[in-house]
Amino acid sequence: MATSYKKTSIKTYPRITEKETSDNIYWKQLEVPITKKEYGAITDIDFSPTEPYNYAVTNSTRVQIYSSQTNQITRTLNRFREVAHCGSFRDDGRLLVAGSDEAQVKLFDTSSGSMLRVFKGHDGPVNVTRFLQDRVRVMSGSNDRSVRVWDVPSEKPLMIYDEHEDYVRCGVSSMASTDIILTGSYDHTVRMFDTRVKGSAMTVDHGYPVESLVMFPHGSIFMSAGGNVIKVWDALAGGRLLATLTNHHKTVTALAFCSKYQRLLSASLDRHVKIYDVASYQVVHTLDYPGAILSLAVAPDDSLLVVGMADGLLSIKKRKKDEGEVLVKKKKKASFRYTLAGKTHMPHQGDLVVEHKRREHLAKYDVYFRKFQYSKALDTAFNPKLTLFNRPEITVSVIQELIRRGALRAALAGRPHSYLKIIMKFIRRHITDQRFAHTLTDVANLLIDLYSDQIGQGTELDHQLDQLKEVLGYEMLYMKDLLELMGAMDTLFSAATPLATPSNDTATTPNIDLTPSTSAQAV
Amino acid sequence: MATTMPHVDIVDDKPIVCLRAGESIVQTKPVFSHDTKCLFCGSGSAVKVYSTESGECVRELQAHTDKVTCLMLNPANKLQLISSGLDAQVFFWDYIDGVMLKSYTFPQPLFGLVSVKISGGQFYFHVLQSSPRKQCFKEGQVVGYKGVSKDLKATIQGVIFESCALDAKTVDMGQKDDYFAGVSTNRKELLIHYNKKCIKYKMQYVEITCVSAHPTELSLATGCSDGKIYYWYSFTNERQMVKSVYHWHALAVLDLTFSPEGSFLLSGGHECTLVKWQYETHYKDFKPRLGSPITHVTCAPDNLLYAVSHQDNGIHLLRNTLDICQIYQGLTKTSFSHGNPVGLLCDPRSRALVTNGRPGHLQFYCLHNDRQLFNLDIVRQNYISSENLEQPLTVTQITKAAIDERGDWLATYELWDDGEMSPEMQLKFWHYDEKKQSYEMNTVVDRPHDKALCSLTFRPYNSSIRSMLPLVVSGGQDCRFKLWTLVDDTDIYRFNSKWTCDSVGFYREMDTGATAFAEDGSLLAVVFGSTITLWDPDTNVLRTTFSSSFDKKNVRQVLFGRKSCCHLLVATTAWQLTVWNLLTCSVQWSVSIGAVVLVDDPLTKYMSVFTHTGDLHVFEPANSQPVFTQTQVSKNDVVSAVFIPHKEESPFSAKGRLLWQRQSQLYFMTKEQDLLTVQYDATENSTDGYIKKTPIKQNLPQSALSLLMSKHRKSGAKDRKHEHIDMSVGIKETQFIQQMCSMSATAQPPLPDFCQAFLETRLSKGTAPRAEAMVIDDEDDDIDDIDSGLQLNINADSDSDMEVTERSRPPSRKKESSENLSHSDVDTKKLDLALGKEYRWFESLVKP
């Protein structure tokens, strides 16, 4: 059967450390973080819902607005006398509301930075402030245990809920309804209020002081974080608990959505950000940070991940631009006439149709293998690009194919010393890897065979061989140590196994009581 | 055959060994019909007619009694086909109706037809035959014959070449000018017979491998062993001869052919590449990677199709644009020196034969209609023809393969070992994809064992356990066996399952040999040297070991009995076939035959064994008397065998000696890679035209000697029986002590661990008599219970059980019944048993 050229199969080896998943790849495409040091703990970060997705960072007595393009501060709102809290944008991005320890809620214009409104009435520090979906009302939660809904034009409170029994720490307004708000408190409860009625519509018990809340845009499912657990609740089913996620080992401080509400992020004091799949609530990736995390936010277009830490460190991670996509787009830019040229033509009956075959893309070493140019194939295998990118398996697979074709000796022969140096370096680095040891030992043997006349003349090759010998010496010592350890463990295992057998015997002892039927004899 | 036999019933009882399917279809140059709708090729002693459009074999022309050597269209009537054979006959066929029209008998076997001419109502043949003078195999001569229509015998007319190479490829005749071209016996000279004289042209150093005459001009092309193609012009005059060289092939050119108009030349060779040369220009076109060396090339009369025969027993049909449009594939014979390393397997889905095909491939061959279903590429590497034919490249070979009972999983093991570099080995697991109707790779394990694999077996499924996962055991030459299981690898991104190594087993660092699973998958037998070890495959715990004291040879094969013989284990060594009873752990019977191949029928209890003398014995493990014996099934050694279930109605009726083949047919392969089977001679008429049999040796009725032999064997088995039981027990004990002593003091486990093993050796001594006692015991119980009107369901399970754990029950039941019954003799007897003159009661403790 005539077949197309079969590409050289690159042996893939199972990764012991971590499985390569699409999420891992996605989250590894973040650039090196930009870090900024602020005066106080960064308690809250909020992205503007409109482009260019600027973000407000709340720390100590100010709210700073950063540009998402330059990641520089464009405006600082510092009309606070005491610590500010929860600077959050309206859904058109033009207004920003923030609470403060001076028991006031303040409203700013983000373009000019001027303060437009001050809502007074709370008796304690205001921890949470949010716009409602109708844009003319603001909700706030405070340490005075009350939740208030304010009217922006009149600066007057519309509703006051005093149901919480401890500090109100977090809250969120529903995107599905203009009247629904959720608040979480240190009294372990999450309450849902309908601003049209007095009293809470629903209460769920989280079990720990609630630190953060998020709600899906459809408004039926929300998550609460507190302690080291995240709980998922179904609002439509009267607050039924759907799932409990206990992946952090310290208090979870912030929650956020990303990837169009397909993934949930949680940040914790244990310095990790964990990313969950919202369908299965399984952790798909984990990011590490240098300090305890208090706040986190993701740009609506997923281009930025901003994390604020307790020691005032702000980490901004930018997503890399996918270069591959740009190339594909360029290719598609063919002229209309050109693309349609052959496609509409219908062949007549009796026409000989010759199909245009697109040439299959082959790796460079495969191109040379196809042409039986073995030396060149080996050259590409030791191309520093391939080895630098930490893909030794490609090089080894090419060597293996050369061995299979009986061409390695010819490909290695007559090389200059500079080239041998590269090969020896590769061998030295990877010969102790169990996956490549067999092949590379063969290559090393072959090299010594081929260049035996040049060994011992004080050349570069001698130096390389000495180094290889050193590496192998270390490896032997290492193996010896390992064998000793294995022996010790085997002894332990063999000592441990007999303990299991007597327990088996005791389990069946009731049968023994039945076997000697002395009582039967007596009757 | 039937007519020679005096009694009809004896005829029916006359099984013969015959060749079944898979004959070479590339032995002759294929020939197109004049309208290009059919392609003819010789297959064994038959001529197969294939449709070029559908690819089906539409007709099979059978009349020759030996190999067909050459095919040709009748120049006088394009609707007739002429075939010549080694049986010294030429037949004229009407291939449309499949009728033989005429036949001519020649004095000598024909190796080729050079030309056929008709003039004056008489046929003139030029044929290639072996030279009568010397008994040299390679020397032939081209002789002219005249076909006399009266007696249909050919008479000699004249000799063209006295001595030439005996190869149909090297002889050709000019179409226009009446010249003949041939090659001398040593292939160093080109011979031209023109105008009744012979001209010789000598070649330097190289040999001529093939000759093709230009159809219209006075020129011809020769292919040489160094890969060059020479064009010869005006060779009728020695002085004016001109030749030109064209060179592309790196290795010898194997065949050449001109297109009908002579504008193109097609050539093929070991490079697996078809080269299309434009005549007298240097333009050429290639079709590379055709998979296997090209042996014949033919061009259709309308120049639209090319037929290319390959060494792997396949013919490719190519359009003139060099696209493949059709493939005819026969049973591929491998290039291994000793048959197929994988042996013969049966695919449960298609009931096809699975065996090695081309290098790195497994072929699925349907024996029922004699065609290849597909070639599965296991190795996925390019076939590289070696630079030097004397030093062939080592290719990656599939040396072990196994298919599970349902055909869902296929496990293959491939090995690349040139003896110099470190070997490359991979174990691959393939899953059958229902949508794609083929096997898809699931898992690749690099270096599953440190050394080569010697066995690979799937565990049979047990229908009573639903959640049973597939399990594979692989035994390696590194003294280990590994159990591989399917594990779930599903995450949120995909559904997936993969194979992983579940556990590793070894036994006293002895060489691992064959492996086998019991029919229900509950026991695993692994051979270690001369010892058979039985393991629980779920926990990988050693259950017991069998080893025969008088036969210290390595056990070669081991198989569990099936159906009613599922308690028996059959093992073969170089000189002995032994059947062990798993219930009593003793030898059931044993005969001394040198078994080479042992194979079992998956549908019945029968097994068949091939001896080193070429005899076939079919037996059931419970009985030492063979069901069927056929001596000398093949001249060559049998290397592998398989039972393949029948697809339709069984040809073997309720009576007759081949009754054991009623459910599945036994096929076996010899060293020469002939696929043979055993069947009644009488079925020849009833079967369709696919099957052609060549009786190798007829079976004789039971002679006095064979009767004597079988009696002797039978009695021998009986005599040994009791000896074996004692020996086996003794062995167990001594083994235990040996094991204790062989261990170094530091490595010995603590004392409590020995207790169990010690108790077990005590136990096995009383095994045989106890089994009898138990039966009596149970019967007594029955009577008691019926009398007392106790529940019978307890009896039911006590009757059926042979399990050791259940044994402790009678005493407890006794306790219940004793409340109602008075003290009786029966009771005391049972009591004695229960209390245990033997130590039966602790059995349940020792063997959980």
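Values in this text are rule-based calculations from the coordinates and carry no lab data. This is a predicted model, so every value here is computed, not measured. For neighbour counting, all protein chains shown are included, and Cβ atoms are generated from backbone atoms with ideal geometry for every residue, glycine included.
Report the Rg/Rh value for segment B:105-207, based on alpha-carbon coordinates and the Kirkwood definition of Rh. Provide the component values of the computation, followed by the final result.
Values: Rg = 13.9 Å, Rh = 14.1 Å.
Looking at segment B:105-207, the ratio lands at 0.99.
Here is the link list: B:K78/B:K333; A:K320/A:K421; B:K333/B:K400; B:K29/B:K276. Which ones come out longer than 25 Å on Cα distance? Mind showing how you got there, number by number?
Details: B:K78/B:K333 34 Å; A:K320/A:K421 36 Å; B:K333/B:K400 17 Å; B:K29/B:K276 18 Å.
Listed pairs above 25 Å: B:K78/B:K333; A:K320/A:K421.
Under a 5 Å amide H to amide H cut-off, with H placed in plane at 1.01 Å, what residues pair with A:L294 once short-range neighbours are removed?
HN-HN under 5 Å from A:L294: A:G308, A:M309, A:A310.
With a cut-off of at most 16 other beta carbons within 10 Å, and DSSP calling the residue loop, which GluC sites (Glu not before Pro) in segment B:357-428 qualify? Please list them. Walk me through the intermediate numbers first.
Numbers: sites: B:E387, B:E390, B:E405, B:E414, B:E420, B:E424; in loops: B:E387, B:E390, B:E405, B:E420.
Passing both the DSSP loop test and the Cβ count: B:E387, B:E390, B:E405, B:E420.
Which distance in Å, rounded to a whole number, links the C-alpha centroids of segment B:174-244 and segment B:416-447?
Rounded to whole Å, the Cα centres lie 49 Å apart.
Rounded, prolate or oblate: which one fits segment A:1-109, using the alpha carbon gyration tensor with axes a ≥ b ≥ c (rounded when a/c is under 1.5, else prolate when a/b beats b/c, else oblate)? Mind showing how you got there, number by number?
Details: a/c = 4.00, a/b = 2.87, b/c = 1.39.
Because a/c hits 1.5 or more and a/b exceeds b/c, segment A:1-109 counts as prolate.
I need two numbers for chain A: Rg to one decimal and Dmax as a whole number, Cα atoms only, in Å.
33.9, 109
In square nanometres, what is the average projected area of the Cα convex hull of segment B:232-353? Spell out each step's value before the answer.
Working: hull surface 42.8 nm².
Its average projected convex-hull area is 10.7 nm².
Mind putting a number on the dipole of segment B:492-645 about its Cα centre? Charges go on the C-beta only, +1 for Lys and Arg and -1 for Asp and Glu, and I need it in Debye to the nearest 20.
Values: 11 positive and 13 negative charges, 24 e Å.
I would put it at about 120 debye.
Please state, as a whole number in µm²/s, the translational diffusion coefficient that the Stokes-Einstein equation yields for segment B:515-651 at 37 °C and 0.692 mPa s, with Rh defined as the Kirkwood radius across alpha carbon pairs.
On the way: Rh = 15.4 Å.
The calculation lands on 213 µm²/s.
Loop-only check: which trypsin sites (Lys or Arg not before Pro) in segment B:459-548 are DSSP coil with at most 15 other Cβ within 10 angstrom? Please report the intermediate quantities before stating the final value.
On the way: sites: B:R466, B:R480, B:K482, B:R494, B:K498, B:R508, B:R543; in loops: B:R466, B:R480, B:R494, B:R508.
Passing sites in segment B:459-548 are B:R466, B:R494, B:R508.
Over the alpha carbons of segment B:198-298, what is the largest minus smallest coordinate on each principal axis, giving the biggest first in Å?
On the principal axes, segment B:198-298 reaches 43, 31, 21 Å in Cα extent.
Is the shape of segment B:53-152 best called rounded, prolate or oblate, per the rule: a/c under 1.5 gives rounded, else a/b larger than b/c gives prolate, else oblate, with a ≥ b ≥ c the square roots of the Cα gyration tensor eigenvalues?
Working: a/c = 2.04, a/b = 1.37, b/c = 1.49.
Cα axes put segment B:53-152 in the oblate bin.
With 32 Å as the limit, write out which pairs from B:K37/B:K188; B:K48/B:K428; B:K153/B:K197; B:K428/B:K647; A:K6/A:K425; A:K11/B:K436 have Cα-Cα distances beyond it, or answer none.
On the way: B:K37/B:K188 39 Å; B:K48/B:K428 37 Å; B:K153/B:K197 28 Å; B:K428/B:K647 29 Å; A:K6/A:K425 30 Å; A:K11/B:K436 25 Å.
With Cα atoms farther than 32 Å apart: B:K37/B:K188; B:K48/B:K428.
Using a cut-off of 13 Å between beta-carbons, work out the net charge of the residues near B:R319 (Lys and Arg +1, Asp and Glu -1, B:R319 not included).
Numbers: positive: B:K276, B:K287; negative: A:E355, B:E53, B:D285, B:D302, B:D323.
Here the charged neighbours net out to -3.
When the helices in chain A are scored as -39500 (n - 2.57) per DSSP H run of 4 or longer and the sum is shared across all residues, what 222 nm value do you end up with, to the nearest 500 deg cm²/dmol?
-8000 deg cm²/dmol
Once each part is reduced to its C-alpha centroid, what is the distance from segment A:254-281 to segment B:335-377 in angstrom?
Centre-to-centre distance over Cα atoms comes out at 53 Å.
Hey, can you grab everything whose amide H is under 5 Å from the amide H of B:C70? Only 5+ residues off in sequence or another chain; H modelled, so Pro and N-termini drop out.
Amide H neighbours of B:C70, under 5 Å, 5+ apart: B:S84.
Going through segment A:145-233, which GluC sites (Glu not before Pro) have at most 14 other Cβ atoms within 10 Å and a DSSP loop state? Spell out each step's value before the answer.
Numbers: sites: A:E155, A:E163, A:E165, A:E211; in loops: A:E155, A:E163, A:E165.
Those that pass, being in a loop and sparsely packed, are A:E165.
Let a ≥ b ≥ c be the square roots of the eigenvalues of the Cα gyration tensor of segment A:229-294; is it rounded (a/c under 1.5), or, if not, prolate (a/b larger than b/c) or oblate? Each step should come with its number before you reach the end.
Numbers: a/c = 2.24, a/b = 1.61, b/c = 1.39.
Here segment A:229-294 falls in the prolate category.
Normalise the Debye intensity by I(0) for segment A:375-423, one equal point scatterer per Cα, no solvent, then take log10 at q = 0.16 Å⁻¹ and round to two decimals.
-0.41
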